[in-house]
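Step one of this worksheet: look at the structure below.
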Amino acid sequence: MSTNQLDKKSQAWSALFSEPMSELVKRYTASVFFDKRLWAADIQGSLAHADMLQAQGLISADDLASIQKGMAQIRAEIEAGSFEWKLDLEDVHLNIEARLTQLVGDAGKRLHTGRSRNDQVATDVRLWLRGEIDEIGVLLTELQKALVDVAEQNTDVILPGFTHLQVAQPVAFGHHLLAYVEMFARDAERMIDLRKRVNRLPLGSAALAGTSYPLDRERVARTLGMVDEAGQPAVCQNSLDGVSDRDFAIEFTAAASLLMVHISRLSEELILWMSQSFGFIDLADRFCTGSSIMPQKKNPDVPELARGKTGRVVGHLMGLITLMKGQPLAYNKDNQEDKEPLFDTVDTLKDTLRIFAEMAAGITVKPEA
Ligand code: ARG
C-alpha cells in the first residue's frame with residue numbers, strides 16, 4: 001500500500017471535507033512527536049483487546065494471529081529505531097494501526113472493532129503511568145535508604161534545631177534527616193493509593209457511549225493487570241467518564257508536586273548548611289560548580305536546581321487541572337494536552353529522586369560546626 005493510500009485510509013472522515021488541512025493545522029493538532037512515547041502501552045492494550053475480540057468470536061483466530069505477528073514486528077521496528085513515525089498520521093495510535101494494516105491487511109483494521117481512539121488513549125496513558133508509578137516507588141525507597149544511612153552515621157552529631165530559623169533546641173543530625181524519611185514515606189503512600197485509581201480500564205467505553213459489540217471488559221482488565229485489591233477486574237463504570245476524565249493524571253501530578261516540595265525543603269536546608277555562614281556540611285564536588293573569579297565559592301547547583309524544578313512540576317499540576325476545568329462531557333481534544341506535562345513531571349521526578357539518592361551518600365557532615 002502506498003503512503004498516499006495509507007493516509008487516505010487513516011482519515012476516515014476525509015470524504016466529508018472539501019479541503020485538506022494546512023501544514024500548520026496538521027502540526028498544531030498532531031501529537032505523534034510526543035505521544036509516540038506511549039507505543040509500548042498502545043501495543044499492550046491492543047493485544048489485550050484483540051485477544052478478547054477473538055475469545056468473543058468477534059474476530060477469527062487467524063486475525064488474532066496476524067495482529068500478534070504484526071505487532072511483534074512493529075515492536076521490533078520501534079525498538080530498532082527503524083519505525084517511520086508520520087506527522088500525517090497524527091498520533092501514536094493511528095501510526096501503529098496504519099503500519100499494522102500495511103503489514104497484515106484487513107485484520108489490522110478489525111483490531112479496532114468496538115474501540116475508539118478515545119478509550120484507547122485513556123487506556124494507554126493509564127498503563128504507561130502505572131509503570132512509571134511503580135518505578136517512582138522503587139526510587140523513593142532508595143532515597144529513603146540513603147537518608148537513613150546518613151542518619152545512622154550521625155546519631156551523635158548535634159545540630160541546632162531551628163524554629164523561625166532561630167536557634168531553638170539541640171537535635172541529633174540523624175533525627176533531623178529522618179523527618180524527610182517520614183515525608184517521603186507519606187509520598188510513597190500517596191502514590192500507592194492513587195495507583196488504584198490509575199489502574200482501571202476505560203476500554204469498552206468506545207467513543208463515549210459504549211458499543212453494541214458484546215465485549216468482555218473484565219477479560220481485558222485481567223489481561224492488563226487492571227485489578228483491584230481483591231484481585232477483581234477494575235473497569236471504569238461510566239463510559240462518558242471513562243473516556244474523558246483525567247483526574248487520575250491530576251492526582252498523580254498533585255502527589256508529584258508534594259513530593260517535589262519535600263525535595264525542595266531538603267534542598268533549601270542543604271544549601272543553607274553548605275553556605276559559609278553555617279558550614280554544617282559539605283556536598284561532594286560532583287554535585288556542585290565553582291567560579292573562576294571567586295575561587296572561595298562552591299555552589300550547590302543540584303539542590304538549587306531541584307528547588308527550581310519544583311516550580312516546574314507544580315506548574316504542570318496547574319496546567320492539568322486547568323485543562324480539565326470547563327470541559328463538557330465527554331472526550332474533547334483538549335485532553336491531548338495532558339501528555340507533555342505528565343511526561344515532564346515523571347521525567348523530572350525520576351531524575352531528581354535518582355540524583356538525590358546519590359547526593360545523600362555524598363554528604364560530609366562537619367560535627368565540630
Ligand atoms: N491523540 C488523541 C489524544 O491524545 C487521541 C484521541 C483522539 N480522539 C479523537 N476522537 N480525535 O487525546
Once you've got the GNM for the chain with C-alpha springs shorter than 10 Å, pick whichever of S116, S22, S60 has the biggest mean-square fluctuation.
-> S22
Cα-based helix-to-principal-axis angle, 39-55 vs the chain, degrees rounded to 10 | 40
Evaluate the chain: find the radius of gyration of its Cα atoms, find its Kirkwood radius, and give the ratio Rg to Rh.
-> 1.08
Could you state the orientation-averaged shadow area of the convex hull built on the Cα atoms of segment 77-215, in nm² to one decimal?
-> 14.4
Distance between modelled label sites at W85 and A15, nm, 7 Å Cα→Cβ extension = 3.2
Degrees, to the nearest 10: 339-361 long Cα axis against longest axis of the chain = 30
Nearest-0.05 FRET efficiency for V261 and V148, computed from C-beta distance (R0 22 Å) | 0.60
Most mobile of A146, A15, A122 per a Gaussian network model of the chain (Cα springs, under 10 Å)?
-> A15
For segment 258-355, report the accessible area per residue in Å² (1.4 Å probe, heavy atoms, rounded to an integer).
-> 49
Residue pairs, from the table K69/K339; K36/K109; K298/K366; K297/K366, whose Cα atoms sit over 26 Å apart | K69/K339
Fully extended contour minus Cα-Cα distance, from I158 to E23, at 0.36 nm per residue = 42.1 nm
Can you send over the solvent-accessible area of V181, 1.4 Å probe, protein chains only, in Å² to the nearest 10?
-> 20
If one computes the Cα centroid of segment 330-355 and of segment 54-124, what distance in Å separates the two points?
-> 24
Label-point separation in nm, D106 to V227, each point 7 Å along Cα→Cβ = 3.8
Only helices counted: for the chain, with every DSSP H run of 4 or more residues adding -39500 (n - 2.57) and the sum spread over all residues, [θ] at 222 nm is -20000 deg cm²/dmol
With springs connecting C-alpha atoms under 10 Å apart, model the chain as a Gaussian network and identify which of A234, A40, A72 has the largest mean-square fluctuation.
-> A72
Can you send over the carbon and sulfur percentage of the accessible area for the chain, probe radius 1.4 Å, protein chains only?
-> 53
Give the angle, between 0 and 90 degrees and rounded to the nearest 10, that separates the Cα long axis of helix 173-198 from the longest principal axis of the Cα atoms of the chain.
-> 10
So what is the accessible area of segment 73-122 per residue, in Å², with the probe set to 1.4 Å?
-> 38
What does the charge count near V220 come to, summing +1 for each Lys or Arg and -1 for each Asp or Glu among other residues with Cβ under 12 Å from its Cβ?
-> +1
To the nearest 0.05, what FRET efficiency results for A209 and E358 with a Förster distance of 51 Å applied to their C-beta separation?
-> 0.50
Which whole-number percent of Cα pairs in segment 225-272 have a distance greater than 14 Å?
-> 70
How far, in nm, would the chain grow between S277 and S292 when pulled straight, counting 0.36 nm per residue and subtracting the alpha carbon separation?
-> 3.3 nm
Average projected area [Cα convex hull, segment 64-144], square nanometres | 7.0
Taking Cα centroids, how far is segment 242-312 from segment 164-212 in Å?
-> 18
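The values are calculated or read from the model by the stated rules, or taken from the named source; none is laboratory data. Keep in mind it's a predicted model, so treat the numbers as computed, not measured. Glycine gets a Cβ as well: all are built from the backbone with ideal geometry, and neighbour counts include every protein chain shown. Each accessible area value is taken on the protein alone, full model and side chains, heavy atoms only, with ligands, DNA and RNA left out. Shrake-Rupley method; radii C 1.70, N 1.55, O 1.52, S 1.80 Å.
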